[in-house]
Structure formats: structure tokens, C-alpha cells
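Here the structure comes first, spelled out in C-alpha cells, and everything after it is commentary.
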């Protein structure tokens, strides 16, 4: 989005995995033109671990959506957006870690991939929202008002994915659905094309969902 002229500010909710439950002030959503809610190693429903801040994040997203401040929720951020708008989040029986295709109703703007996935939970599509994409694991994208939630990770680079692999506990990497070497090799192979797909996705979000009249030419 920086390439579209936005100045980015960031808030890291829990900087340390050893201290996952700080009290966080998310501030006034009206101070932002667009909000991008990103990923987490924790689950939206794990109130025992992140109860000090997850309720505040959901309230922040609900208020932003109600005030028509555009939101793009990615992976955990998409799950949080779903929960904030009345949807649900639960463990998926089909975890996805690696590069997976999706079935898209709008393949010209939300391509069918492959997209990078790293999730063990899934969201439902909130009431009133439109499901835009899906996979065997569940919904992959929805749109409602000025908000979009996606389950995959359009933002990844090779460095980001390498950091996830290096920072993951061994018991996570030992799961049968994860092949760290394949994930890294596929990321290197798919990254250039995925960047183009991400650019189209962001353009669709900004031009048709977030600000459908701002960019329209008579």
C-alpha cells in the first residue's frame, strides 16, 4: 500500500512470544485511512493466552468497520475481522502450511494462486458478507462493506517465510502437513508471480472495496 501513496504506521501487539498477553491500547481507528490486521502465532479464541488484548482488537475492528474505515484482514487478521463482525473461528481439520491454490469467484482480481498459507484455524463468513474464495479447508476470502478478510498470506517474501520457519518450535515443524524445505523452495519459486497477484488484490481492495468512488473516473 505504500506504493499507492500511503504512509505506514505499525503496532506490534505482543513483541515477545514469552509474553503473549500485554494490555494493549489500540487507539482510535479514526486516526487511520486504512487498517491492515496481520497474523499471529496464537488463536483468536485462546482467551487464556491473549485475553488481555484480543477483545480490544476485536472491538477496534468492529468500530472501524462500523465507521466505514477500510480493513484488510490477513490470516489471523482475517479471522479476527470475522469474529469482530459476528463470525466464528475454530480449529480446522485440514491445516494448510505451504503454497495452495484457492477457488475464486473473482479470479481477475483475487487470483486462484497459489497463495502462501500458514494456519491451523479457519473463519466463517460473517452474516451479510460475501464469500469470495475458498479451499478444501474452508473460506479463504470474504468482503463486506469496506472490509476484506483473507485466510492466506499475500504479504509474504522469502525473508518473511524463512523467519517463520526459523522461529517455529520443533513440534510445529514436525507436524506431518509441514515440509519446511518444500515451503522455502516453493516460496523462492512462487514469490515473483505472487507479488503480481498481490498487487492486483491490493488494487481491488483499495479501488473497489475501500474507496469505490475515489478512483472512479467519469
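The values are calculated or read from the model by the stated rules, or taken from the named source; none is laboratory data. Quantities reported herein were computed from a predicted structural model and do not represent experimental measurements. Every residue, glycine among them, receives a Cβ derived from its backbone with ideal geometry; neighbour counts consider all protein chains shown.
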Q) For the range 186-209, what are the residues that are without any contact (Cβ under 8 Å) to a residue 60 or more places away in the chain and farther than 18 Å from residue 104 by Cα? A) 188, 189, 191, 192, 207
Q: Please specify each residue of the range 154-171 satisfying the condition of being surrounded by 10 or more Cβ atoms within 10 Å (Cβ to Cβ), part of a loop (DSSP other than H, G, I, E, B) and free of Cβ contacts under 8 Å to residues at least 40 places away in the same chain.
A: 157, 168
Q) Within the range 31-42, restricting attention to residues that are out of contact with any helix residue (DSSP H, G or I) (no Cβ under 8 Å at 6 or more places or on another chain) and either touching a residue at least 12 places away in the same chain (Cβ under 8 Å) or part of a loop (DSSP other than H, G, I, E, B) (or both), which residue is farthest from residue 79 (Cα to Cα)? A) 33
Q: Output the number of residues of the range 102-124 satisfying the condition of being touching a residue at least 40 places away in the same chain (Cβ under 8 Å), within 27 Å of residue 178 (Cβ to Cβ) and part of a loop (DSSP other than H, G, I, E, B).
A: 6
Q) Looking at residue 51, is it touching a strand residue (DSSP E or B) at 6+ places or on another chain (Cβ under 6 Å) and modelled with pLDDT of 95 or more? A) no
(Q) Suppose the filter is at pLDDT 95 or above, in a loop (DSSP other than H, G, I, E, B) and either under 20 Å from residue 37 (Cα atoms) or within 14 Å of the chain's Cα centre (by Cα) (or both); does residue 142 pass it? (A) no
Q | From the options 72, 81, residue that is outside any strand (DSSP E or B), modelled with pLDDT of 95 or more, within 23 Å of residue 146 (Cα to Cα) and under 17 Å from the mean Cα position of the chain (by Cα) | A | 81
Q: Return only the number of the condition from (1) in contact with a helix residue (DSSP H, G or I) (Cβ under 8 Å, 6 or more places away or on another chain); (2) buried (at least 22 other Cβ atoms within 10 Å of the Cβ) that residue 114 does not satisfy.
A: (2)
Q: Working only within the range 2-30, note down all residues that are assigned to a loop (DSSP other than H, G, I, E, B), at pLDDT below 90 and over 22 Å from residue 118 (Cα atoms).
A: 5, 6, 7, 8
Q: Give just the number: which of (1) free of Cβ contacts under 8 Å to residues at least 60 places away in the same chain; (2) within 19 Å of residue 46 (Cβ to Cβ) does residue 127 not satisfy?
A: (2)
Q: Go through the range 84-101 residue by residue and tally those that are under 26 Å from residue 54 (Cβ atoms) and part of a strand (DSSP E or B).
A: 9
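Take the residues in the range 51-71 that are closer than 20 Å to residue 90 by Cα and touching a helix residue (DSSP H, G or I) at 6+ places or on another chain (Cβ under 9 Å), then tell me which one is surrounded by the most Cβ atoms within 10 Å (Cβ to Cβ).
The initial filter retains those residues of the range 51-71 that are closer than 20 Å to residue 90 by Cα, namely 51-59, 61-62.
Add one more test, that the residue is touching a helix residue (DSSP H, G or I) at 6+ places or on another chain (Cβ under 9 Å), and what stays is 54-55, 57-59, 61-62.
On the way: 54: 23, 55: 12, 57: 23, 58: 18, 59: 13, 61: 26, 62: 18.
Across the range 51-71, the extreme among qualifying residues is 61.
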